1. Yes or no: residue 321 more than 20 Å from residue 60 (Cα to Cα), in contact (Cβ under 8 Å) with a residue 12 or more places away in the chain and small (Gly, Ala, Ser)?
2. Quick one: residue 93 ticks every box in (1) surrounded by fewer than 20 Cβ atoms within 10 Å (Cβ to Cβ); (2) within 18 Å of residue 129 (Cα to Cα); (3) hydrophobic (A, V, I, L, M, F, W, C) except a single one, so which number is it?
3. All but one of (1) assigned to a loop (DSSP other than H, G, I, E, B); (2) more than 16 Å from residue 161 (Cα to Cα) hold for residue 216, so report the exception by its number.
4. Any chance the stretch 273-283 includes a residue that's surrounded by fewer than 24 Cβ atoms within 10 Å (Cβ to Cβ) and without any contact (Cβ under 8 Å) to a residue 40 or more places away in the chain?
5. Just checking: which of the helices (runs of 4 or more DSSP H) contained wholly in the stretch 300-380 hold 3 or more residues that are at pLDDT 85 or above, within 30 Å of residue 179 (Cα to Cα) and within 18 Å of the chain's Cα centre (by Cα)?
6. For the stretch 140-168, give me each residue that is of a type in the set (A, V, I, L, M) and more than 15 Å from residue 212 (Cα to Cα).
7. Residues in the stretch 183-223 that are modelled with pLDDT of 90 or more and either aliphatic (A, V, I, L, M) or in contact with a Phe, Trp or Tyr (Cβ under 7 Å, 6 or more places away or on another chain) (or both): how many?
8. Residue by residue through the stretch 157-181, note down the ones that are farther than 12 Å from residue 52 by Cβ and of a type outside the set (Gly, Ala, Ser).
Amino acid sequence: MARARHLPLPDAPTVFFPLAAVHAAVFVPLGLFTAGAGTEPLTPASPTGHGLELLAGFLLAALAGFLFPRLAPMPLLAATVLWLAGRIGIWSATEAGAVVAAAFPVLVTLLVAPRFAAGGRQWRNRLFALLLAGLGACLAAATLAGPVLPGHWRGNLVTAALMLAGGAILYLGGRLLAPAVANAWQGLAGTRETRLQPNLEALMLGGLVLLVLALPAGAPWTAPGAALAGIAAGIRVIRWRPWRMRHQPDTQGLALGYAWSAAGFLALALAWITPLPAADVIHILALGGTGTFLLHLMARTALQRARQGVAGIRLLPAASAMLAAATVLRLVATPSFGGLHGLLPVAVGLWSLSFVMLARLLVNLSRQQWQGLLANLGRG
C-alpha cells in the first residue's frame, strides 16, 4: 500500500508575506479615502496614523515572514490572529484597540531580536537586534499614543520608527545583496566577485547610530547621521553596479530599494538643514525604499523557497518601475515639488497594483502549503 503524500504546512513566510502584500495593496487607497471622509485624527487616515499603520501593518508583517523562527501551527495561528486583531484595533481608535494593536510589535521584537543579540561576537548583529528592539518599542508606543499615552508623542515616535526601519532595511539589504550580487556577477564577463564592503557598512551603521541618538534633539542635529548613512549606503550600491543585473531582476530590485533608502536618508539630511519640509521628502524613504525593498524581499524569498527561477518573472521589473513612478508622483503631489494633487490617485493606484501582482504571485507559489493544511484538517 502506497504511503500517503505529506504536504508541507504553512509557515511564517507563507502566511505573513501574502498578508503584507494585501495590506499594502488595500490600506493605502483605503486610508486616502477615509482621510477625505473626515475620519478621527488618531486612525490610520491621519498623516501620522497613516505612516504608523504602514510600518506596524505592512513592514512588520513582511519582517515577521522573513525573520520569524520556525513556529508550530498553533503559535503561528496565534501570531496571525494577533496581527489581524491589531489592524482592526488601530482603526477603532479606542484604548482596548490600541492595546491589542501594540501587542504585535512587541511579539515581533521578542521573537526576532534575541536571535541576533546572541549572534556571537558580531557587533553588527547586536546592533541590528537593537534596531529591531527600538523599532518594536517605537511602534508599540506610537500605537498607544492618544488612547493611552499622550497623543503628541505619536508624530516623533512614528518618525523614529521610520528611521529605525530604514536602518534595518539598509542592514538587511547589505547582508542579502553582497552574496546575491556576487552570484549574479558570476555570469557576467569581465567582472569580479563583490565583497561585503565592511568599512562602508561600518560607516553606514555609525551614521544610523548618530541619527538615532540625535532624534530627541531634532533638526538640525539629526542631519549629520542621516547624511553619513545615506552617503555610505549610496557608495555601496553604486559599487554593486545593479544596472548590470538585468538577468537577475530579484537582486536588481533589492538594490533599487537599497538605493531609494540611501536617497531617502540624504533627502532627509538636506531637509533638516534647509527650509525644505521633511514631511515632503520622507516619501522617498517610506515608499521608494521600504516599499521597493520589501516587495522584492518577499518575492525573492518565495521564489527561492519554491525553487523557481526569476528569469521569466516579469512582475519584478514591472513592480520596480511602478513603485518608482509612484514615489516620484507622490513627491510631485507635495507642495515643495509642484503640489499636483491630481496625481496622487495615480501614485496610489500604481503602488496598489504592484502589490496586487505580488500577492497573486505569493498565493500561487504557496498553494502546496495550503493544500497540506486542508489535507491535515480533512484527516482530523
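1. Details: more than 20 Å from residue 60 (Cα to Cα): yes; in contact (Cβ under 8 Å) with a residue 12 or more places away in the chain: no; small (Gly, Ala, Ser): yes.
It is false that residue 321 is more than 20 Å from residue 60 (Cα to Cα), in contact (Cβ under 8 Å) with a residue 12 or more places away in the chain and small (Gly, Ala, Ser).
2. (2)
3. Checking residue 216 against (1) assigned to a loop (DSSP other than H, G, I, E, B); (2) more than 16 Å from residue 161 (Cα to Cα), the one that fails is (2).
4. Within the stretch 273-283 (the criterion being surrounded by fewer than 24 Cβ atoms within 10 Å (Cβ to Cβ) and without any contact (Cβ under 8 Å) to a residue 40 or more places away in the chain), the answer is yes, since at least one residue qualifies.
5. Passing ranges, in order: 315-332, 344-365.
6. Going residue by residue through the stretch 140-168, those that are of a type in the set (A, V, I, L, M) are 140-142, 144-145, 148-149, 157-158, 160-165, 168.
140, 141, 142, 144, 145, 148, 149, listed by residue number.
7. 17
8. Step one: list which residues in the stretch 157-181 are farther than 12 Å from residue 52 by Cβ, which gives 163-164, 166-181.
Correct list: 163, 164, 169, 170, 171, 172, 175, 176, 177, 179, 181.
The values are calculated or read from the model by the stated rules, or taken from the named source; none is laboratory data. Just so you know, these numbers come straight off a predicted model, no measurement behind them. Note: ideal-geometry Cβ built from the backbone for every residue, glycine included; neighbour counts use all protein chains shown.
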